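Structure first, commentary second.
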Amino acid sequence: MADRKRRNRLPEPTTVSIEGMSHEGRGIAHISGKTVFVFGALIGEEVKIQIRKSNKKYDEAITLEVLQASDARIEPKCAAFSVCGGCSLQHMSSDDQVAFKQQSLIDNMLHAGITIGSVMPALRSHSWGYRKKARLGVKFVRKKGRLLVGFRERSAPFLADMAQCEVLIPEVGEHLQDLCALIDGLDAKETIPQIEVAADRDHIVLVFRHLEELTDHDYEALTLFAKNTGFWLQLQSAGPDSVVNLYPEHQSLSFAPLKDENIKIGFSPVDFIQVNTEINQKMVSQALHHLDLKPTDRVLDLFCGLGNFTLPMARRCAHVTGIEGDDPMVGRAKKSAIDNGIENTEYFATDLTKSEPNASWMRAKFDKILIDPPRSGAMEIAEIINRFKAKKIVYISCQPSSLVRDSKIICSHGYKLEHLGIMDMFPQTAHVESMAVFTK
């Protein structure tokens with residue numbers, strides 16, 4: 001037993017100089033030739049660290065004390081920054097965050113041997129209180145005798161003990177303790193694992209996931225909370241299809257993909273939408289600019305979701321074909337097209353990670369293509385992109401590594417990377433959303 005304790009004992013704190021930054025925003029140092037990734041440290045700093053996890057090729061550490069600070073360092077705004085896993089860059093100024101993300105993306109591309117025509121200015125918006133979509137964890141901690149609502153700790157399965165969240169919209173982020181008090185008074189307080197938050201311009205919906213049937217007391221308490229606060233409440237007893245309205249009886253959410261255009265897209269609180277409304281509108285506008293759509297263009301919209309790009313594009317071209325793997329989202333995309341009086345779109349529910357060479361849309365030719373894949377990217381589509389004979393491709397990415405991989409494939413088919421830039425969709429985090437424009 002004593003030997004095992006010695007093996008698991010953490011090394012003593014040590015002082016290191018930060019030589020670089022990893023793409024996920026951690027400082028990079030070396031101890032006896034071994035790489036150490038340090039959370040909370042910036043390039044050029046001298047910091048005292050504690051190694052928390054040791055791997056064969058590298059160690060992971062946290063910053064205990066900053067001995068020599070970088071000019072880019074600022075005081076984190078959130079009191080829970082040191083423990084919460086939601087944000088990782090609050091100790092870096094907003095301007096430096098954006099510059100770091102943009103340069104990281106460029107470095108990834110150049111390292112892969114991809115030539116960049118021009119770098120687009122980063123799309124930016126508010127740095128705080130921007131997040132309109134989130135999933136909050138809920139946990140009654142018996143040892144503490146109280147309830148927690150928030151995000152998980154960094155590199156741990158536990159919920160962070162946080163009073164508020166600075167990146168959530170203030171109507172929710174500043175009232176986490178009110179949610180704690182509400183759930184703590186429910187009979188089901190130990191069997192509510194999460195709250196889904198979703199908001200549009202006018203309303204905020206909270207979806208309470210519950211693992212057991214709620215009592216009459218709980219229904220009454222939740223309904224009263226909704227009436228008193230103005231939140232709309234929904235309940236979810238199982239999968240996404242089990243979501244029902246609690247109060248009010250009739251609820252509907254929608255978002256506008258463009259700021260100055262009358263297009264409204266309906267969505268469910270459990271649907272995927274972009275969390276940052278202003279950046280999304282700027283992103284759609286920039287994509288339209290680079291696609292340079294003509295009235296005769298036929299466009300292929302891959303991973304189209306609810307039609308965030310589909311409907312604005314359809315207003316500017318002859319026809320848009322939307323492809324999405326989630327069948328219910330395809331249904332809602334079709335409905336939004338009808339509701340907006342847009343008749344020149346068609347949709348197919350297709351798993352884009354699998355080949356369907358005989359599908360009618362796979363045999364068609366398109367003038368322009370928009371790709372907006374998940375973090376895993378669009379490798380399977382990139383490998384066959386040439387069959388569509390498109391003159392221009394706009395690729396929206398939420399994971400630089402998959403964008404780099406797919407860009408190499410696309411460029412191998414005779415395209416060149418004309419424009420590249422980031423959209424700061426998630427300020428205070430190392431998450432990088434980007435746009436790449438390819439021309440034949």
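No value in this document is a laboratory result; all are computed from the given coordinates. Everything numeric in this text was worked out from a predicted model, so none of it was measured. Glycine gets a Cβ as well: all are built from the backbone with ideal geometry, and neighbour counts include every protein chain shown.
So the values come out like this:
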| quantity | calculated |
| --- | --- |
| Contour minus Cα-Cα distance for residue 262 and residue 119 (0.36 nm per residue) | 48.4 nm |
| Among beta bridges that DSSP assigns inside the chain, antiparallel share in %, nearest 5 | 65 |
| DSSP beta bridge pairing in the stretch 157-277, given as percent antiparallel to the nearest 5 | 70 |
| Label point distance in nm, residue 43-residue 278, each placed 7 Å from Cα along Cα→Cβ | 2.8 |
| Kirkwood Rh in Å, taken over the chain so that all alpha-carbon pairs contribute | 23.9 |
| Directionally averaged projected area (convex hull, Cα atoms, the stretch 2-73), nm² | 5.0 |
| All lysines inside 22 Å of residue 264 as judged from Cα atoms, apart from same-chain residues fewer than 8 positions distant | 132, 133, 282, 334, 335 |
| Highest-fluctuation residue, 155, 237, 402 considered, GNM on the chain with Cα pairs under 10 Å | 155 |
| The chain, relative contact order [Cα under 8 Å, separation at least 6], % | 13 |
| Per-residue Cβ neighbour rank within 10 angstrom, fewest leading, 423, 313 | 423, 313 |
| Simple label model, 7 Å out from Cα along Cβ direction - residue 216 to residue 351, nm | 4.7 |
| The stretch 199-275 and the stretch 343-383: distance between their alpha carbon centers, rounded to Å | 31 |
| Farthest toward positive dipole pole in the chain [+1 Lys/Arg, -1 Asp/Glu at C-beta], among 412, 381, 425 | 412 |
| Listed residues 66, 207, 284, most fluctuating in the chain (Gaussian network, C-alpha, under 10 Å) | 66 |
| Backbone N under 18 Å from the residue 187 label point (7 Å along Cα→Cβ), restricted to the stretch 219-235 | 219-225, 235 |
| Calculated FRET value between residue 203 and residue 135, using beta carbons and R₀ = 25 Å, to 0.05 | 0.90 |
| Helix-derived mean residue ellipticity, 222 nm - over the chain, DSSP H n ≥ 4, -39500 (n - 2.57), to 500 | -7000 deg cm²/dmol |
| Projected label distance in nm at residue 339 and residue 387, using a 7 Å step from Cα toward the beta-carbon | 3.4 |
| Segment residue 364-residue 93, extension gain: residue separation times 0.36 nm, minus the distance between their alpha carbons | 92.8 nm |
| About the Cα centre, charge dipole magnitude for the chain (Lys/Arg +1, Asp/Glu -1 at Cβ), debye | 1440 |
| Most positive-pole-ward Cα, 318, 211, 177, against dipole of the chain from beta carbon charges | 318 |
| Relative contact order, percent, the stretch 2-73 [alpha-carbon distance under 8 Å, six or more residues apart] | 27 |
| Which of 224, 235 has the fewest Cβ neighbours within 10 Å, and the rest in rising order | 224, 235 |
| Those lysines that a straight Cα-Cα span of less than 18 Å connects to residue 144, excepting residues fewer than 8 apart in one chain | 189 |
| Exposure proxy ranking, count of Cβ atoms within 10 Å, fewest first, for 420, 306 | 420, 306 |
